[in-house]
1. Give me the angle, in degrees from 0 to 90, between the Cα long axis of helix 56-67 and the longest principal axis of the Cα atoms of the chain, rounded to the nearest 10.
2. Per residue of the chain, what 222 nm ellipticity follows from adding -39500 (n - 2.57) for every DSSP H run with n ≥ 4, rounded to the nearest 500?
3. Taking Cα atoms of the chain, Rg/Rh with Kirkwood Rh, to two decimals?
4. Taking the 0 to 90 degree range and rounding to the nearest ten, how far is the long axis of helix 18-27 tilted relative to the main principal axis of the chain, both from C-alpha atoms?
5. Can you tell me which of 40-48, 4-12, 52-60 comes out highest on packing, and rank the rest after it, using the mean Cβ neighbours within 10 Å?
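Laboratory data are not the source of any read-out in this text; all were calculated from the coordinates shown. Since the model is a prediction, treat every value here as computed from it, not as a measurement. No Cβ is skipped: glycine too gets one built from the backbone with ideal geometry, and neighbour counts run over all protein chains shown.
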Amino acid sequence: MEKRIGVVGIVIEDLENASKVNSILHSFANIIVGRMGIPYKEKNISVISLIVDGTSDNISAMTGKLGKIEGVNVKSAITRK
């Protein structure tokens with residue numbers, strides 16, 4: 001299957017669920033090229049930006065699992081490369 005490169009943005013509004021997000025990201029470490037996480041203390045949220053390189057199925061599986069966590073918003077932009 002063809003690999004794709006993309007950007008995934010994650011906003012964690014319920015910080016109690018941050019450990020669930022990190023657990024999922026750890027399980028998909030093989031498709032994560034880079035990660036930047038910023039705690040935004042004034043808004044009581046955390047923002048994570050990922051660069052991913054994997055199949056559409058792998059990226060969708062990861063974003064789908066993340067999106068099911070309450071208080072977590074996920075958006076992705078994927079290209080064919």
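1. Here the helix axis deviates by roughly 10 degrees.
2. Values: 2 runs with 22 residues, N = 81.
Dividing the helical sum by the residues of the chain leaves -8000 deg cm²/dmol.
3. Details: Rg = 12.3 Å, Rh = 12.7 Å.
On the Cα set of the chain, Rg over Rh gives 0.97.
4. 20 degrees
5. Details: 40-48: 13.0, 4-12: 18.4, 52-60: 16.3.
My ranking of the peptides, most packed first, is 4-12, 52-60, 40-48.
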